[in-house]
Structure formats: structure tokens, C-alpha cells
Amino acid sequence: MRFIYSLFLAIVFVALLPYFACQAVFKRKYLSNFRERIGLLPDELKSDSRPAIWLHAVSVGEALAAKPLITALRARFPQHRLIVSTTTATGQSVARSRISEADGFCYFPFDWGFSVRRALDAIKPRIVILMESELWLNFLSECEERRIPVIVANGRISDRSFPRSRRFGFFVRRLYGKVSRFAMQSRTDAERAVELGATAERVVVTGNLKFEIGDADEQRKIAETAQPVDEIFGLGSAPLVIAGSTCDGEEEIVLAAFRQLLEESGFGQVRMLIAPRHPERFDAVERLLESSRLNYARRSNSGQGSDRTVVILLDSVGELAALYRFASVVFVGGSLVPKGGHNILEPAFYAKPIIVGPHMENFREITWEFLLRDALVQLRGEGERELAASLRDALIRLLSDRNLAATLGSNARAAIDENRGATARTVEIVAELLS
């Protein structure tokens, strides 16, 4: 089966090679990490003889969720190296800037036998922790042959991926059978893991690591990195709406709602900070801002910034979480279009009133928790015009009623404080398997 799987991967890679080549030539993507993706890791990862814990976080969301876990692992296992890998460049950037406790960083290898073996030979992990649900056959098989325990931490099986996984039941059961322990976010996720092939004794509900969002010292350090943005644009001089982690198809809706808001009596001084989820879309969003005729400035063009800028385009990586502290209202993207939504816990940490769209499947349990606590406004509707009007109405309501905004924000922060504990439970699983 591994031979057929590897052959299929090779065929797919060859078929996509022209696309990768174009991206590499014209956008300078993939070139910088290709060596590591084929298992040729930096020499410094090979020279340290201490036992290693390898944690893999696919992209930005997983890297941020892994931060408190890595801090706890460093305290519990000081004699071990902590190696963090990612798949995406943005995830790598955030991991390097935010996870100071790690001893080394690298990109996760392509799932070919030779690249996986090279990476495992370089790191020599005593245990591997995969964030959420990143399972690859050759990697898991090599770990199994080397008797390296593999933990799925903060495990989640989304409403979209579950039916797909059931259709490929035989293959998925092989994958799930090679994982030593599943530490799942919720009971629903745990039940789905068992249905897909995990043995019940290997599955445990630990809770969601994303509730373990940073302590006061960590937030202070992040806030210091955000201070220049505050100074450049005079954040705090007027009510600020932050649209965070927006995706393709959302900025048009968000800007339409914001323009309608500015036309309402009494809201002419409101400003917006818009932060696209993916850096490659910064230029496209700027073109939208140009066509909107709103007074805007890019964060990178700091000389253009002023307290009279109406819309700020945050074209940087890693600053958004700290900037939520300046918001009057936060809209979290990936939710107006069927992308599954993004992390609402970062603005909740600062007790901010939060708005999301109808698509929050990737944060199903957290969204339910927040709605039950009256800690979230979720929009309803279909189509750009209806969603823009719904978002405008929600913004007007929260900007007009400070007591309501404060109540939503305090309920959101309470939801975080009362749902902590997943980190400690996950660390105990790691300790059990290491021993």
C-alpha cells in the first residue's frame, strides 16, 4: 500500500510541477524551504545529542495554539530539545517570532520515504506531536517502525472533513491505527476518531488548547511589538473596527458594510484595520481599497500613516493578535465565505465584542460555547448585499451600545478563563508515552 501511495504522490507532484515552477519564479515561493521539505535539515538540528520532542504545526493557527503547550513542555522536560516544524511559510514566520522556547525550527518533509527518513535521522525524536489532524502515511509508518510514539494534540475532525474521511475508510483506518494517542478537543471529535479507526483506549478528550491563550507576560511582549503601529496611526484616537484574518471574497463585504456605517449619522469618525489572512493577498486587498476611494494606508508604508487614515491595511505577519487590544469591535474572517472561520480567542483575550459570519465549522465547539454564554454575535444571511447589511447593523449596535459591547467582551474573556486545562492534560499524555 505504501508503494501505491508513494507512486500516487509522485504523479501528483509531477503534474503540479509547472505550477510550483511558476510560483517559484514569479512569486519566489517554495525555493527557500525546498531543501528542508526533502529532508535536508539545517546542521544545527543534527549536532545536538539531547533527546528531542518534535512538534508539528501546519500553519499559523496551529503554531499559535501550540505556544502554551511548548511552554509547558519546556518546563516539564528541560533535558529535551524542542523542535518545531511547519508546512507553510507564514506558519514558520509566526513560530520563529512567537515560540522562543523552541530549540530549533524546520519545515515538515514531503511525505516521500527518503525525505521522511532524512528528517527523522536528523532530529531523532523520542516522541512526535502532531497538532490537530496532520496525518501522513509514510511519516507515520517510519515512526512506527522506529518505535517513536506519535500523539495527535488538540485533535479536531471538522464537519467537512469527516464525511470525506469516511469515504476513504480503509486508508484512513490505516493512518489512525499508527497513532499512539489522540488528544481530542471535544467528545464529538473523539467519537469521530473512533469511528474512523482509532481504538477507543487510545482516544481521550483533553479540551481545546486554543483556550490556553497567552499569559500576561506573553501578551506584554506581543504588545511591545505592536507599539509602533499604535504610534504610526494613532490607534485609540477614534473607535476602531478590526477585520482580522479576512479571506478572498470577504473584503468586498466588509468594506461595503464599513462604507454604509460611515454614512450613518454619528459614525463618521470610526476607523477600520483590515488584516488579510494570507500575505500573498495584500496587494489584491490594496486594489480593493483604491477602488473604494477610502483614505487608506499600508502598515508597511509607515511614512504614510496618520491619525486621519480611515482604513489601515495590516500587511505584516504576527502583529494582529496584539493589535486586538485597540479594537472597539472585532470581526473575525473566514466566516462570511465557506472557509470554516478563524480564531476568535485572540480578541476574546482582550475582552472585545466579536462578530463572525455564518461559517464557523472549524471552531464549532468554541462558537457554541460563546453563543451559549452570550459572548458572540453571529451573522445570518446569504449573498454579499445581505451579509454586508447584517454586518453593518451589528457594527452599529455594538458601537452605539457600550454596555452591550462590554458585556459581550467580558463574557468572551470568561469563556477563556473557565475552559483552561487542555495543556496540562496533554503534557501528562506526553510524559506517559515518554516513560
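Considering region 93-194, the qualifying helices (runs of 4 or more DSSP H), each wholly inside and each with 3 or more residues that are buried (at least 20 other Cβ atoms within 10 Å of the Cβ), run over 113-123, 137-145.
For region 392-399, the count of residues that are in a loop (DSSP other than H, G, I, E, B), assigned by TED's automatic domain parsing to the domain that holds residue 239, under 19 Å from residue 272 (Cα atoms) and at pLDDT 95 or above is zero. Condition (residue is among the charged types (D, E, K, R), closer than 26 Å to residue 61 by Cα and crowded, with 22+ Cβ neighbours inside 10 Å) applied to region 242-250: is it met by at least one residue? For region 242-250, residues among the charged types (D, E, K, R), closer than 26 Å to residue 61 by Cα and crowded, with 22+ Cβ neighbours inside 10 Å: present.
Within region 140-199, the set of residues being polar (S, T, N, Q) and farther than 22 Å from residue 212 by Cα comprises 141, 161, 165, 180, 199. Restricting attention to region 83-101 and to residues that are of a type in the set (A, V, I, L, M, F, W, C) and in contact with a helix residue (DSSP H, G or I) (Cβ under 6 Å, 6 or more places away or on another chain), the residue that is farthest from residue 346 (Cα to Cα) turns out to be 83. Evaluating residue 50 against the criteria (1) within 21 Å of residue 432 (Cα to Cα); (2) touching a helix residue (DSSP H, G or I) at 6+ places or on another chain (Cβ under 9 Å) leaves one unmet condition, (2).
Just one of the listed residues (379, 404) is touching a helix residue (DSSP H, G or I) at 6+ places or on another chain (Cβ under 7 Å) and crowded, with 19+ Cβ neighbours inside 10 Å, and it is 379. Just one of the listed residues (330, 310) is of a type in the set (A, V, I, L, M, F, W, C), in contact with an Asp or Glu (Cβ under 9 Å, 6 or more places away or on another chain) and closer than 25 Å to residue 405 by Cβ, namely 330.
Results for (1) in the same structural domain as residue 386 (by TED's automatic domain parsing); (2) in contact (Cβ under 8 Å) with a residue 40 or more places away in the chain; (3) within 26 Å of residue 95 (Cα to Cα), shown as yes or no for each residue.
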position	(1), (2), (3)
261	yes, yes, no
286	yes, no, no
289	yes, no, no
296	yes, no, no
320	yes, yes, yes
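The values are calculated or read from the model by the stated rules, or taken from the named source; none is laboratory data. As the structure is a prediction and not an experimental result, all values here were calculated from the model. Glycine gets a Cβ as well: all are built from the backbone with ideal geometry, and neighbour counts include every protein chain shown.
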